[in-house]
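Asks: A single structure is presented below for examination.
No lab work stands behind these numbers, since they all come straight from the coordinates. Only a predicted model underlies this, so the values are computations on that prediction, with no experimental measurement involved. Neighbour counts run over all protein chains shown; Cβ positions are idealised from the backbone, glycine included.
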There are 2 protein chains.
Amino acid sequence: MATPFHNPSCHHCKDRFSSIFCKAEQCNLDQIADAKVCSVYRKGQVIFHEGAYPFGVYCVNDGKIKLSHSGDDGREQIIRLVKAGDIMGYKALLSNERYTATATALEDSSICFIPKDLFLNILQKDASLSFEMMRILSSELRKAELKITHLAQKPVRERLAETLLFIKETYGLEEDGHTLSVRLSREEIANLVGTATESAIRLLSEFKKDGMIELEGKKIRLLDMDEIIRTANLQD
Amino acid sequence: MATPFHNPSCHHCKDRFSSIFCKAEQCNLDQIADAKVCSVYRKGQVIFHEGAYPFGVYCVNDGKIKLSHSGDDGREQIIRLVKAGDIMGYKALLSNERYTATATALEDSSICFIPKDLFLNILQKDASLSFEMMRILSSELRKAELKITHLAQKPVRERLAETLLFIKETYGLEEDGHTLSVRLSREEIANLVGTATESAIRLLSEFKKDGMIELEGKKIRLLDMDEIIRTANLQD
DNA sequence: ATTCCCCCTTGACGCATATCATTGCCGCCC
DNA sequence: GGGCGGCAATGATATGCGTCAAGGGGGAAT
């Protein structure tokens, strides 16, 4: 896949900035609006790559992205699912290190790039933006630590159910109120759960047999939410 | 560093605050020095408890603390090891939620408490302190995500070796240059690795048989660092 | 339509690791 | 000293889950 193409008329940015940047002061927002560059990435395209040096931060206008580590043996572990309004790439920027994850578009996505210097600069001046940034980081950290506990203590079956709920929380459902509105390969689901692809497939089949879900290609319909929640065995 | 603190009840604070608060402006440091309250916690005492509401942030002057989640089935997962100079409890404070982890002293520890309002207030005013806070959060997040990948992909043996190295990095060695300077029960080691206590014991015995380490009660001596590193199989 | 290729699916197998149970060790208290 | 309780160590056993292998189906390109 080639380079993403520049999208000069990116009207949606301003709205999409709501989640984080709405906290910023107006003058800073304007600066960002001037400096940002919007592009469209096709499904499967890489936005940034593990090991590379960051030159800025990315804000998703529209689309769905996965952030993943590539483990030692080449297997990938999906760390985070990114949706419209989220930013990504800030971790490497703030700690001034290389990217620890690769960002790949799960579907065609419109993404803004904000240069490093500008972002850090505004962060220095704008207390409420900084604070929002800290809130986001804290929340991500909380989720990560919970995931650690679950990976260490829960069987794959529970984690898979939990993952289905997580995907639903993140990307929501289609109009029918049942179908997950993102198409992931079985391998991606497994890499999200932290298990082998075959195990994920087998358990999905079981879930289907038990009437919890319906499968149709990459479409996954959540039928019996109560049972899924029960299977996930969430306490916290 | 100079002596920004003059709280007579806590002589050591000034040195230990270096790691984060040295980034703060002097006037803010003074305010913190006035407001903070220092206490000594005995080994095994709980500093704060999962589920409780935070009223401030803790800064460790001296001692060693473990932060742990209590999993659904009661098993604990150790999330972080805290050492002198570190702060803890900030996550819950920043995201304005209850503590997600319990802090327990691994040995007698001297700990300062900084009230919530003051901390948040200063964070609003002091850009470089905020920035340092973001750096810490980013770094913790990076570590947490790495741990997720390893939990999902590496066998217990590698994770145990990695954990030994991690303990060494965190708390260092005793004067002999080999003995880990913290005493953890086998169960705590297992809860750090994310495995059953018996598995941890068995593998420690293997490591000993292979000449990598020496065991004497809770003392663990790292003999063959190269081999331990090799066993940990680190890539990143 | 046919071919190819990728992904999904299912089965068989074996290992790593959890679990259960027992024993031994050491320090502590009465 | 004797018993007691917590922790460490080790063995026996069970099983969840990863890995290997083979088959099947559907979409895209030609």
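Asks: Starting from the coordinates of the alpha-carbon atoms of the range A:154-232, obtain the Kirkwood hydrodynamic radius over all distinct pairs and give the value in Å to one decimal.
Replies: Radius from the Kirkwood sum: 12.2 Å.
Asks: Normalising by the residue count of the range B:13-150, find the relative contact order in percent from Cα pairs under 8 Å and 6+ residues apart.
Replies: Worked out over the range B:13-150, it gives 34 percent.
Asks: What percentages, rounded to whole numbers, describe P(r) for the range A:70-218 computed over all alpha carbon pairs with 5 Å bin width beginning at zero?
Replies: 2, 7, 14, 19, 19, 15, 11, 7, 4, 2, 0, 0
Asks: Counting pairs of alpha carbon atoms under 8 Å apart in space and at least six apart in sequence, what relative contact order in percent does chain B give?
Replies: Across chain B, relative contact order equals 18 percent.
Asks: Now for a separate question. Name the helices (complete DSSP H segments) of chain A with a Cα length along the long axis of 24 Å or more and a Kyte-Doolittle mean of at least 0.0, or state none.
Replies: A:127-153
Asks: Provide a whole-number value for the mean count of partner chain Cβ atoms within 10 Å of the Cβ atoms in peptide B:64-72.
Replies: Counting Cβ atoms of other protein chains within 10 Å of each residue's Cβ and averaging gives 3.
Asks: If I take the Cα coordinates of the protein assembly as shown and project them onto the principal axes, what are the three extents in Å, biggest first?
Replies: Largest to smallest, the principal-axis extents are 61, 57, 41 Å.
Asks: In addition: With the contact rule set at Cα under 8 Å and sequence spacing of 6 or more, what percent relative contact order holds for the range A:154-232?
Replies: With pairs under 8 Å counted, the relative contact order is 36 percent.
Asks: Suppose every Lys and Arg Cβ carries +1 and every Asp and Glu Cβ carries -1, with no other charges. What dipole size does chain B come out with about its Cα centre, to the nearest 20 debye?
Replies: Charge dipole of chain B: 220 debye, to the nearest 20.
Asks: Same structure again: Taking the label point 7 Å from Cα in the Cβ direction, how far apart in nm is B:GLU206 from each other copy of itself, listed shortest first?
Replies: Ordered by distance, the counterparts are at 2.6 nm.
Asks: Then there's this: Quick one: check the C-alpha center-to-center distance for the range A:36-61 versus the range B:106-144, whole angstrom.
Replies: 30 Å
Asks: Expressed in nm to one decimal, what extension gain is obtained for the pair B:ASN233 and B:GLN45 from 0.36 nm per residue of sequence separation less their Cα-Cα distance?
Replies: Gain in length upon complete extension: 64.1 nm.
Asks: Note the distances from A:MET225 to each other copy's matching label point, with points 7 Å along the Cα-to-beta-carbon direction, in nm, sorted shortest first.
Replies: Taking the point 7 Å beyond Cα along Cα→Cβ, the inter-copy spacings are 5.5 nm.
Asks: Which one of B:PRO54, B:ILE122, B:PHE166 is farthest out on the positive end of the charge dipole of chain B, using unit charges on Cβ (Lys, Arg +1; Asp, Glu -1) and the Cα centre as origin?
Replies: It is B:PRO54, whose Cα lies furthest towards the positive end.
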